[in-house]
Amino acid sequence: MKALILNSGMGTRMGVLTSEQPKCMTEVSATETILSRQLRQIAYSGIKQVVITTGYFDKVLENYCWQLDLPLEYTFVKNPVYDSTNYIYSIYCAREYLDDDILLMHGDLVFENSVFDSLLEFDGSAMAVSTTAPLPQKDFKAVLCGGKIGKVGIEFFENAVAAQPLYKLRRADWKVWLENITAFCESGEQAKIKCYAENALNEVSHRCEIKPFDVGTSLCAEIDDPVDLEKVSAALKKAESTNVYMSFSVDMLHSGHIAIIKKAARLGRLTIGVLTDEAVASYKKAPLMPFEERRSMFESIKGVYRVVAQNTLSYKENIEKYRPDIVVHGDDWESGLQKPVRDEAAALLARYGARLVEFPYAKDEKYKKLDSRTLKSSEPQVSARVCVISLGEDTDRSLDTAMQRARSADITAVRSDDIDALCSFAQRFKARTDAPLAAVCTDISLSAAQLRSFGFDTVLFAHSESSETLGRLISAQSLELQGYCTTSEEK
């Protein structure tokens, strides 16, 4: 894929801001111009080749790009008649360099990192639109036809949505459009080199499969004049100060972790919550590195704004304390042990309009092997029998049942969310036997440390009703009982 940035316009509506440089070099923050931001986003994506059309102050623009020192290969194409044609002719001038999948954008367009990243992940050709933004009077709108982009222009209002000149185009769709751009520019008609390139698209859109990519309320806007500049700069500042939160329990970072941290950092100011040693031990093996060492490890990662302690597996305390706009996690917690944690976090965020962003969990086998080292012992595994007791109102009867089953089981697990009842049961159970005892809870706000202090050898937070599943999890995550490969015993 190549990126195509259209920068041949004169930007006269920007006034003195374009008296000595092209509009794309206008600052939108203390550290970025429109163009530097676009190029850094492109470089981050892994795209290497960038075609930039130029016109006004072309050498100033070229020198500026080289000075950014980004890992990009530039091809600059000057439109020799930039002052009397539109960007359709600039594309025509660059046509020999554009035989590829194309990421097309206007040089005055500013968009959030999340918009850019999601567009590149979109399956197929797409144009950025917003189904929630009001229809602009003088800017692009896209007419949708059967789930595809039918027409694009400033004159359309019926069945239309707000649109921005940001496209991801597969080679086949781009070829159809580019061929008609060429036909327009070689027609000899002045009107066809002074119109929008989208005029050529509108004639052949039925032969393309360009779909709308809805950016919603995220920032994706052109800067045409100083008023636009003020609005976009303010929106960008707000977007980049978005409060983003992640949680980690690991003491061994691999490239999969770094990748998701980088993605999260592109959404705003990233806070990482590091689970305390106690919190980690509540659901898997105790960490090899103590909390302070793990915190220092995350503090050294570029893009991390701050690192804080997370005292429980539950996110509740830190969500209420830091009120993140976004919580980021891999999609691996949509089921299994951490599903209750996820559901609680999602509900808490929904209360004040925040959201959960779940990136696909790394499927690489090498990551699975590394992660598994924190979940189970490398010691030889032996068979174990696990019985699970649901703690009812009649605790004496539950205790008698547990004692009977403890004689033939390697692990006795008691299921309840009543911490007082659990602690009372553990004290009475341990007074009569030293057999291993586990607590199974669904309420992740309960204190695992308190439960262990009353005699439980391990604490498991899970919703599963299966004795076999619970037994396997208890065995894998218990310090004292690690290494068991369990079989089930019906309740």
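The values are calculated or read from the model by the stated rules, or taken from the named source; none is laboratory data. If you're wondering where the values come from, they're calculated on a predicted model, not measured in any experiment. Virtual Cβ from ideal backbone geometry, glycine too; neighbours counted across all protein chains shown.
Things to note:
- Of the residues contained in segment 15-37, none is found to be over 27 Å from the mean Cα position of the chain (by Cα), among the aliphatic types (A, V, I, L, M), in the same structural domain as ARG170 (by TED's automatic domain parsing) and outside any helix (DSSP H, G or I).
- Residue tally, condition surrounded by fewer than 18 Cβ atoms within 10 Å (Cβ to Cβ), small (Gly, Ala, Ser) and either under 18 Å from GLN310 (Cα atoms) or under 19 Å from the mean Cα position of the chain (by Cα) (or both), over segment 333-346: 2
- Residue in segment 121-133 that is modelled with the highest pLDDT, counting only those that are surrounded by 16 or more Cβ atoms within 10 Å (Cβ to Cβ) and in contact with a Ser or Thr (Cβ under 8 Å, 6 or more places away or on another chain): SER130
- Test set (1) on the phi < 0 side of the Ramachandran plot; (2) surrounded by fewer than 21 Cβ atoms within 10 Å (Cβ to Cβ); (3) under 19 Å from the mean Cα position of the chain (by Cα); (4) not aliphatic (A, V, I, L, M) - LYS321 fails condition number: (3)
- For segment 77-105, the tally of residues that are touching a Cys at 6+ places or on another chain (Cβ under 8 Å), within 19 Å of PRO22 (Cα to Cα) and either outside the structural domain of LYS168 (by TED's automatic domain parsing) or surrounded by 14 or more Cβ atoms within 10 Å (Cβ to Cβ) (or both) stands at 6.
- Annotation: of all residues in segment 1-28 being of a type in the set (Ser, Thr, Tyr) and touching a helix residue (DSSP H, G or I) at 6+ places or on another chain (Cβ under 6 Å), the one that is nearest to ASP100 (Cα to Cα) is SER8.
- Scanning segment 148-195 for residues that are over 36 Å from the mean Cα position of the chain (by Cα) and not in a helix (DSSP H, G or I) turns up GLU186, SER187, GLY188, GLU189, ILE193, LYS194, CYS195.
- Restricting attention to segment 252-268, the residues that are in a loop (DSSP other than H, G, I, E, B) and either buried (at least 19 other Cβ atoms within 10 Å of the Cβ) or of a type in the set (Gly, Ala, Ser) (or both) total 2.
- Single match in SER247, SER314 (criterion: assigned to a loop (DSSP other than H, G, I, E, B) and either closer than 27 Å to LEU348 by Cβ or under 23 Å from the mean Cα position of the chain (by Cα) (or both)): SER314
- Restricting the first member to segment 96-110 and to residues that are free of Cβ contacts under 8 Å to residues at least 24 places away in the same chain and closer than 13 Å to LYS168 by Cα, and the second to residues that are surrounded by 22 or more Cβ atoms within 10 Å (Cβ to Cβ) and of a type in the set (Gly, Ala, Ser), no beta-carbon pair is closer than 6 Å while six or more apart or on different chains.
- Test: VAL274 is surrounded by 21 or more Cβ atoms within 10 Å (Cβ to Cβ) and not in a helix (DSSP H, G or I): yes
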